[in-house]
1. Suppose we keep only residues that are of a type in the set (A, V, I, L, M, F, W, C) and in a loop (DSSP other than H, G, I, E, B) within the stretch 130-146. Which one would you say is nearest to Ala156 (Cα to Cα)?
2. Across the stretch 105-129, what is the number of residues that are part of a strand (DSSP E or B), of a type outside the set (Ser, Thr, Tyr) and in contact (Cβ under 8 Å) with a residue 24 or more places away in the chain?
3. Go through the stretch 106-133 and report how many residues are in contact with an Asp or Glu (Cβ under 7 Å, 6 or more places away or on another chain) and loosely packed, with under 13 Cβ neighbours inside 10 Å.
4. Farther than 19 Å from Asp155 by Cα, open to solvent by less than 60 Å² (accessible area, probe 1.4 Å) and in contact with a Cys (Cβ under 9 Å, 6 or more places away or on another chain): does that describe Cys75?
5. Of all the residues that make up the stretch 98-124, how many are at pLDDT 90 or above and closer than 23 Å to Gly148 by Cβ?
6. Suppose we keep only residues that are closer than 17 Å to Ala39 by Cβ and open to solvent by 70 Å² or more (accessible area, probe 1.4 Å) within the stretch 135-146. Which one would you say is modelled with the highest pLDDT?
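The values are calculated or read from the model by the stated rules, or taken from the named source; none is laboratory data. Note that the structure is a prediction, hence the values are computed from the model and not measured. Cβ coordinates were reconstructed from backbone atoms using ideal geometry, including for glycine residues, and neighbour counts include every protein chain displayed. These accessible areas exclude ligands, DNA and RNA; they are computed on the full protein's heavy atoms, side chains included. Shrake-Rupley method; radii C 1.70, N 1.55, O 1.52, S 1.80 Å.
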Amino acid sequence: MQQSSNSLRNLLLVLAFGCMLATVWSAGVCNRCMENNIACVNETHFKYCVNYSPVDDSTLPCGEGKICTDLGIICADATLGARPVCDSTDVNCRKCDGISMFQCTSRTTFRQCDNSEFTGETLTCPTGTVCDLESGKFCVKECELSNGKYECNKDAP
């Protein structure tokens, strides 16, 4: 009986560990097409994808109280413990630092810096590209993002 209890406990530990690994391996990235054929653009909106490319520029809402996930259910009830792919607090927009000549001001816009202040007009990336100054270019396709994340993860002003 003792051996049967230990075997069951070991089996449960292996299953739990396997589930944790599957969760880590399937973790989605904000604004990237995922296994469930969508790309979460923020906590509550998404785009459909085909062959890991967004279908078009239309963004769809999840609905009241639902968040965009990398689960089989695209939009899940936030009160049930589902975690959003996009963290609304992870905006990462940098300010002018006196070193960089430009900074991204949204996912698709950037401005010139004059020391620690923005100057001039807000410039917009061409359609189908996003701001990624770290790449050495001003704007790149989403699949070419340097760190897999937007430099400034917010909508254009």
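1. In the first step, residues of the stretch 130-146 are kept if they are of a type in the set (A, V, I, L, M, F, W, C); the result is 130-131, 133, 138-140, 143, 145.
Those still in the list that are in a loop (DSSP other than H, G, I, E, B) too: 138, 145.
Numbers: Phe138: 15, Leu145: 17 Å.
By that ranking, first place goes to Phe138.
2. So the first thing to find is which residues in the stretch 105-129 are part of a strand (DSSP E or B), and the list is 109-114, 117-124.
Filter once more, so that each one left must be of a type outside the set (Ser, Thr, Tyr): 110-114, 117-118, 120-121, 123.
In the following step, the residues that additionally are in contact (Cβ under 8 Å) with a residue 24 or more places away in the chain were identified as 110.
Total meeting the criteria: 1.
3. Residues meeting the conditions: 1.
4. On the way: farther than 19 Å from Asp155 by Cα: yes; open to solvent by less than 60 Å² (accessible area, probe 1.4 Å): yes; in contact with a Cys (Cβ under 9 Å, 6 or more places away or on another chain): yes.
So Cys75 passes the test.
5. Within the stretch 98-124, residues that are at pLDDT 90 or above and closer than 23 Å to Gly148 by Cβ number 10.
6. Checking each candidate, the answer is Lys141.
A quick yes/no check of all residues on (1) within 23 Å of Cys40 (Cβ to Cβ); (2) of a type in the set (A, V, I, L, M, F, W, C):
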| residue | (1), (2) |
| --- | --- |
| Glu117 | no, no |
| Cys131 | yes, yes |
| Glu134 | yes, no |
| Cys143 | yes, yes |
| Cys152 | yes, yes |
| Asp155 | yes, no |
